[in-house]
1. What ranking of Phe282, Phe87 emerges when the number of other C-beta atoms within 10 Å of each C-beta is taken as an exposure proxy, fewest first?
2. Using DSSP to define loop residues, name the GluC sites (Glu not before Pro) in the stretch 214-312 whose beta-carbon has at most 11 other beta-carbon atoms within 10 Å.
3. Could you calculate the contour length gain from Val14 to Val359, that is, 0.36 nm times the residue separation minus the distance between their Cα atoms, to one decimal place in nm?
4. Stretch Arg187-Glu226 to full length: gain in nm at 0.36 nm per residue minus the Cα-Cα span?
5. Given a Förster distance of 56 angstrom, what is the FRET efficiency for Lys106 paired with Arg3, based on the Cβ-Cβ distance and rounded to 0.05?
6. His29 versus Glu266, label points 7 Å from Cα toward the beta carbon: distance in nm?
7. State the extension gain, in nm to one decimal, for the chain segment bounded by Val380 and Glu132, taking 0.36 nm per residue of separation less the distance between their alpha-carbons.
8. In nm, give the distance between the simple-model label positions of Met90 and Ala215, each being 7 Å from the Cα along the Cα-to-Cβ direction.
Amino acid sequence: MVRRRAGLILLIAVLGCAVSVLVALERPHLYRATEVIQVVQPKVAGELARSTVEGSAAQRLQSIEQRVMARDSVLEVVEIFGLYADFPAMTPSEKVDALRESASIKLTAAAGNGHDGAVSILTVTAEMPTPEQASQIAHEFARRTIALSRDTRLEKARETLAFFTAREETLREQVERVEDQMTAFRRDNDLALPGTLNFRRDEIAGINQELLTIARDRIRIERTAEQARQTQRQATADRILADTNAQIATLDAQARLLEARKAELESSIETSPQTDRQISAFESQLERLRAELGVASARRTEAEVGYRLETQGQGEQLTVIEPAMAPDYPFTPSRKKMVMAGGFASLLAALGIALALEVLNPVMRTAAHMERDLGIKPVVAVPRLRTRRYRRGLLARIFRRAPRRGVGDTPLF
């Protein structure tokens, strides 16, 4: 079969080898460069100084990866390094897609902490036609990732500090405004201030004590005058009575003065139900605002500490532990191996086609074929006779092919 189909087999093998050579030449070599970034944990423990940049590290780094691989960022990298300059027909979108397929950022979860979104390693890989481009692109994307991570954390810490600072100032202004409204309301309604209310009540208690003392002295003086009237002479009794009347008048004047002061104090602390409700509303509002102010002040302090951690480089950081180096060899298959594999496949395909043609054209070529297929043993086989001298060609000499014997070598019997 090989000798009969040698021409076809050789033609298919040669064409296959030619196609393999063309495919190998058209397929460029690609070089792969990798830069490894380590996620360094904060230098200060969270229990001592809590960072304001909370949330899952995996989600935060995935967001950074999306921003690094955004269209504008990728086009900027293409322009900086002049990528795909040999393909002027490529559109910006095609360039973006090509670079996205050539560069990638892979996150590796931390050992034992992958369930909580902790990330320990970032691997930036670039596959480019030249070793220099591969290392440059990997380094550029790694640099952008580190810078964007640092800027993102710093911006978030700054925004958090600015928010709580503004919140604290707003609450302070609200507290001062409510206090001013409360003071104006007390002044308009002639009410004692909260600081003087207890003092006035203490003063009223003191006045009541003095009035009680005056009442006791009055009773004592009246008893003395009554005893003098009963036991003393009329002249002595009149003189004592005059003295007691003067003392009683003095006590009465003091009592009236104290009663007036007491009435004034009581009127200053007495309020109507509407006034009490308004004062209670002011006090409740002040209590709520002061509680919120305390929380905002504590949060502002924590945000300030977190901002200082980020500005001083004490928070979470990305550090390059393995820079991208120019690779020595391409990672794509060797062209020689591709040509050899294509040639071997072409030879197998040629043999397969030759075998298929033999199966599709089952000709009895020898007496053994006839006896096997028909069960008849031929008596004699007459070969085909040529009038001219048969000259074997080069292929026949290579494959040691004998002269053709008649069409089908049909045996005669």
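None of the figures in this text is laboratory data; all of them are computed from the coordinates on show. Just so we're clear, the structure is a prediction, and the values are computed from it rather than from any experiment. No Cβ is skipped: glycine too gets one built from the backbone with ideal geometry, and neighbour counts run over all protein chains shown.
1. Phe87, Phe282
2. Of the GluC sites (Glu not before Pro), the ones in loops of the stretch 214-312 whose Cβ has at most 11 other Cβ atoms within 10 Å are Glu270.
3. Taking 0.36 nm per residue and subtracting the Cα distance, the gain is 121.9 nm.
4. The span from Arg187 to Glu226 would gain 8.9 nm if fully extended.
5. 0.50
6. Computed distance between label sites His29 and Glu266 equals 11.0 nm.
7. Answer, rounded to one decimal: 81.6 nm.
8. About 10.7 nm separates the two model spin labels.
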